[in-house]
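Written out below as structure tokens is the structure these notes cover.
The values are calculated or read from the model by the stated rules, or taken from the named source; none is laboratory data. Model, not experiment: these values are computed from the prediction. Methodologically, a virtual Cβ is constructed for each residue, glycine included, from the backbone with ideal geometry; neighbour enumeration extends over all protein chains shown. What goes into the accessible areas is simple: the full protein's heavy atoms, side chains included, and nothing from ligands, DNA or RNA. Shrake-Rupley method; radii C 1.70, N 1.55, O 1.52, S 1.80 Å.
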Amino acid sequence: MVENRFVCKDGAQCWTRVSHRALTDRHGNHTGGLAIMSDITASKAQAVELRKSEHFVAALTDSMVEGMFALDRDGRVSYMNHAAERLLGWTKDELASRSIHDTVHYQHEDHSPYAAADCPLQAALRTGTTVRVEDDTFTRRDGRLLAVSYSAAPITIDGQVEGIAVVFGDISARRAGEQRQKQELERLTWIGRIRDALDEDRLMLYAQPIIEVQSQAVVAHELLLRMVDRDGAIIAPIRFLPAAEQYGLIEEIDRWVLAQAITLAGRGHKVHFNISAKSLGSRELIGDLERGLRDTGAALGLLVCEITETALAGDEAVAEAFVDELRELGCEIALDDFGIGYGGFAYLKRLPITALKIDIEFVRDLVENPQNQHVVKAIVNLAQGFGREAVAEGVENQATLELLEEYGVDYAQGYAIGHPSPIDTVFTDDAPNTTPTQTRAGSN
Ligand code: C2E
Ligand code: MG
Ligand code: MG
């Protein structure tokens, strides 16, 4: 079969397809030939048009910034442009004939499964209507999520829906911006709530016992801040302290906490109090401490200031001078959340730190986690090497406490020893709680 192009008598070009057949007599001798010629000009023209239109579509869609893919009636990918390949991380060939729901659209932003019944793409296929979605999630080939908006329009041939064309855009930047705005707004509303809580005396302190591991005696308490909302709900510090730090309210809070701590120390209780990195170097805080100790006549060594290890990484000179001043006033220093932050140990040599508080992260699952066992042992060694005490926080069970004793940890704190409770239920009289004979506070 041969295809030929001819020029007709009138000058027009035409295409023919010729099939040849040899003719033979009954003895097999060649007697002639038969040629059947058909005019294929129209179908040739159609094919050229189709190729042109395919190139045209590819040229058009590949120049688009938006991703685009087409799905057949079963929701399988039949076409993808360059942008879609780039955004989704799949090549056209890899995704060809795969179900879009199973490969790209199977989960929500929170990783929960995307039910096919709720899928707007499936809906567009089912109903043959155009669908516009402002905020949805596709999953890239590498598993990363892509925030997208898209529209899906039906591809109709002879009145039949044969598939859909989907054009989508990456809205990650927009979504991140909205998220930031939401957080910012939330923080701003916290400012008002914190201000009101300070003005209406709705901050309160809980206390959590700290025991000496060897004797199991309660030797101190850590004071932990709470906010009481107008409806009486108790709010954890993680919810409002970041906003307080960001918008300049933290120093006022830390000074309020210090005042309570000094009062308790004046009554003979050994208490740890936390201060934020932002309050390091505060002259007002040092002034309050100096006056408070003088006014209450609290014995030296009853106040322990907890500063996170990361807070020291800020302005080292300021931190160092501040810590020195606290020590001179008789306040001990514990490095909080030790092990997760700073990483340098040079300050251990320089700063008069009393104790290292091993971060909860390493203690909580100590019994089952050999890596954490190494970390805890290493911190105990470090503390001993520098002549500091080691305190484990986040002790959630008896087995952990026994292991900590074996490792030589000096003090422990955690739910297995006692939960934080409001200070007026913990310090019920003026008797000091520093005597080793005191029993463990309600081990709940
Ligand atoms: P932090 O100083 O490291 O306090 C320990 C946190 O662990 C407390 O959370 C405590 O309730 C919790 N915790 C105690 N035992 C366990 C346990 O066995 N398991 C587990 N999973 N957690 C335990 P809280 O009270 O929510 O305080 C969180 C953080 O907020 C504190 O961490 C501290 O950084 C900050 N914070 C608390 N009170 C104050 C404060 O008065 N001033 C400042 N600036 N920060 C504070
Ligand atoms: Mg602390
Ligand atoms: Mg801590």
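Sequence neighbours fewer than 8 away in the same chain don't count; with that in mind, list the aspartates and glutamates whose C-alpha is under 16 Å from Lys377.
Reachable aspartates and glutamates: Asp337, Asp359, Glu361, Asp365, Glu368, Glu389, Glu393, Glu402, Glu405, Glu406, Asp410.
Mind giving me the FRET efficiency for Ala96 and Phe6? R0 is 45 Å, r the Cβ-Cβ distance, nearest 0.05 is fine.
In this case the efficiency is close to 0.70.
Please compute the modelled spin-label separation between Asp72 and His108, points set 7 Å along Cα→Cβ, answer in nm with one decimal.
Rounded to a tenth, the inter-label distance reads 3.2 nm.
What is the calculated FRET efficiency for Asn369 to Thr310, with r their C-beta to C-beta distance and R₀ = 25 Å, to the nearest 0.05?
E between Asn369 and Thr310, to the nearest 0.05, is 0.65.
For Thr354, Thr400, Thr189, what's the largest-to-smallest order of accessible area, 1.4 Å probe?
Highest to lowest solvent-accessible surface, that is Thr189, Thr354, Thr400.
Using 0.36 nm per residue, how much length does the chain from Asp142 to Val228 gain when fully extended, once their Cα-Cα distance is taken away?
Full extension from Asp142 to Val228 adds 26.5 nm.
Ordered by residue, what ³J(HN,Hα) values in Hz, to whole numbers, does the range 387-394 give under the Karplus form 6.51 cos²θ - 1.76 cosθ + 1.60, where θ = phi - 60° and Gly and Pro are x?
So the Karplus estimates, Gly and Pro as x, are x, 10, 8, 10, 10, 9, 10, x Hz.
If you build the convex hull over the alpha carbons only and average its shadow over all orientations, what do you get for the chain? Give it in nm² to one decimal.
Computing the convex hull of the Cα atoms and averaging its projections yields 39.8 nm².
Can you give the FRET efficiency for Arg132 and Ile238, using 1/(1 + (r/R0)^6), R0 = 41 Å, r = Cβ-Cβ distance, to the nearest 0.05? Walk me through the intermediate numbers first.
Values: r = 39 Å, r/R0 = 0.95.
Taking R0 as 41 Å, the efficiency between Arg132 and Ile238 is 0.60.
Calculate how steeply helix 172-199 sits against the longest principal axis of the alpha-carbon atoms of the chain, using the helix alpha-carbon long axis, and give the answer as 0 to 90 degrees to the nearest 10.
Relative to the chain, helix 172-199 is tipped by roughly 20 degrees.
With every protein chain present, what is the per residue accessible area of the chain (1.4 Å probe, Å²)?
Spelled out: the 1.4 Å probe surface of the chain, per residue, equals 52 Å².
Per residue, how big is the convex hull of the range 90-219 when only Cα atoms are used? Give it in Å³.
215 Å³
If you roll a 1.4 angstrom probe over the protein chains with everything in place, what fraction of the accessible area of the chain belongs to carbon and sulfur, to the nearest %?
Within the chain, the accessible surface is 52 percent carbon and sulfur.
Which angle between 0 and 90 degrees, to the nearest 10, do you get for helix 41-62 versus the longest principal axis of the chain when only C-alpha atoms count?
For 41-62 against the chain, the angle is about 10 degrees.
Quick one: what are the phi-derived ³J(HN,Hα) couplings along the range 126-141, Karplus 6.51/-1.76/1.60 with θ = phi - 60°, whole Hz, x for glycine and proline?
For the range 126-141, the Karplus curve yields 5, 9, x, 10, 7, 10, 10, 10, 7, 8, 8, 10, 9, 10, 6, 4 Hz.
Note the full-extension length gain between His419 and Asn397 as 0.36 nm times their separation in residues minus their Cα-Cα distance, in nm to one decimal.
6.7 nm
Once each part is reduced to its C-alpha centroid, what is the distance from the range 338-387 to the range 400-428 in angstrom?
Cα centroid to Cα centroid, the span is 17 Å.
Put a dot 7 Å past each Cα toward the Cβ at Leu60 and Ala42; how far apart are the dots in nm?
A separation of 2.6 nm, rounded to one decimal place.
Just to confirm my numbers, what's the Cα centroid distance between the range 278-296 and the range 11-87 in Å?
First find each Cα centre; the distance between them is then 87 Å.
Which entries of Lys182/Lys357; Lys52/Lys92; Lys92/Lys182 have Cα-Cα distances beyond 32 Å here?
Violating the 32 Å Cα-Cα cut-off are Lys182/Lys357; Lys92/Lys182.
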